[in-house]
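First up is the structure itself, then whatever we jot down about it.
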Amino acid sequence: MAKQYKVGIYCRLSVDDASNSAKAKGYIPSDESVSIENQYEILSKFVMLNGWIEVKTYQDDGYSGGNFQRPGFLEMLEDARHGLINLILVKDLSRLGRDFVEVGRYTDVIFPSLGCRFVSVLDCLDSEGDNTDMLHFRSLMNDYHLKDLSSKVKSVLHAKKKSGQYLADYAPYGYRKSEEDRHKLAIDEESAAVVRQIFQMRHSGMAYGRIAATLNEKGILPPRWYWAVHYGNGSCKYSRLWAYATVRNLLNDDVYVGTLTQNCTGSRSYKDKTMIRKPESEWISHEGAH
């Protein structure tokens, strides 16, 4: 008797894929085949035509192909370990991932060890077929695409920093993002008044710890809490108290004399997102930026 295949359909849509979709652009592009819905439609029909059993669909919407710690993907692996599925089906190899080494590890080692057949429909790749050599070639090309995309994004961001645009998610304490240009800083009068008090206290000879204690005695919210109350959802996981380090870092930040310094940190590589501090030679500074 032919083996009965219990199929786990896996669909993934990354942030970069979504940027080309109607959701991001506000119109319907010519090719929407990459969407989660269309991926599922293609794969579900493929399961039916092959006489397999569709058991479950796993989805990761908004996850990069270089990240393998995706909730849907991990759930699929767990189900495979428990024998719930024995065939993993994707639209194309890039949906599984774009890291050549990791994709190869899953297709050559992990999936077989779990007793799972792997099929990529549009690539015509099947771990039980005789064309598995092409799987590694396509995986290498997907890895190159991820590296090239990362390089282009970094290049665009670097150019924006060089032009003096403010790119961080949050404005420093004492500032807000300008309503006219979100890449420029404007003074937030309420918190700016506190910044001026801090500088005046330090100028009079007060120590960092004493400044923090004074602010706490007055019931003034620290930077993270101030942002949460005025610009966020009103709650914050950090302490409601000013600390020695908070005062010290504020007083030593040249953003308060109008200098915008960026590109101080970055990831190790397009595969390793661990943040590291860059050497000062790579920092990008603009005096009189605000």
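The values are calculated or read from the model by the stated rules, or taken from the named source; none is laboratory data. Note that the structure is predicted; figures quoted are calculated from it, not measured. Cβ sites come from the backbone with ideal geometry, for glycine too, and all protein chains shown count toward neighbours. The protein model used for the area step is the full one, side chains on, heavy atoms only, and it has no ligands, DNA or RNA in it. Shrake-Rupley method; radii C 1.70, N 1.55, O 1.52, S 1.80 Å.
A few comments on the model shown:
- Qualifying positions in the range 108-131 - within 27 Å of the chain's Cα centre (by Cα) and among the β-branched types (Val, Ile, Thr): Ile110
- Candidate set from the range 110-123 (those that are of a type in the set (Gly, Ala, Ser) and not in a helix (DSSP H, G or I)); member that is least open to solvent (accessible area, probe 1.4 Å): Ser120
- With respect to (1) more than 21 Å from Gln262 (Cα to Cα); (2) surrounded by 12 or more Cβ atoms within 10 Å (Cβ to Cβ), the lone exception for Gln200 is condition (2).
- Here Pro279 meets the list (1) surrounded by fewer than 17 Cβ atoms within 10 Å (Cβ to Cβ); (2) more than 30 Å from Asp99 (Cα to Cα) almost entirely, failing just condition (2).
- Filter pass, Trp225 being surrounded by 15 or more Cβ atoms within 10 Å (Cβ to Cβ), in contact with a Lys or Arg (Cβ under 9 Å, 6 or more places away or on another chain), among the aromatic types (Phe, Trp, Tyr) and over 30 Å from Asn67 (Cβ atoms): yes
- For the range 169-187, the set of residues classified as within 17 Å of Asp254 (Cα to Cα) and open to solvent by less than 40 Å² (accessible area, probe 1.4 Å) consists of Ala171, Pro172, Tyr173, Gly174, Tyr175, Leu185, Ala186, listed by residue number.
- Of the helices (runs of 4 or more DSSP H) lying entirely inside the range 47-109, none contains at least 1 residues that are of a type in the set (S, T, N, Q) and open to solvent by 60 Å² or more (accessible area, probe 1.4 Å).
- Of the set (1) of a type in the set (S, T, N, Q); (2) exposed (fewer than 15 other Cβ atoms within 10 Å of the Cβ); (3) in contact (Cβ under 8 Å) with a residue 40 or more places away in the chain, all apply to Asn263 but (2).
- Of all residues in the range 233-259, those satisfying the criterion of being part of a helix (DSSP H, G or I) and under 24 Å from Trp283 (Cα atoms) are Ala245, Thr246, Val247, Arg248, Asn249, Leu250, Leu251, Asp254, Val255, Tyr256, Val257.
- Residue tally, condition touching a Gly at 6+ places or on another chain (Cβ under 7 Å) and charged (D, E, K, R), over the range 170-224: 1
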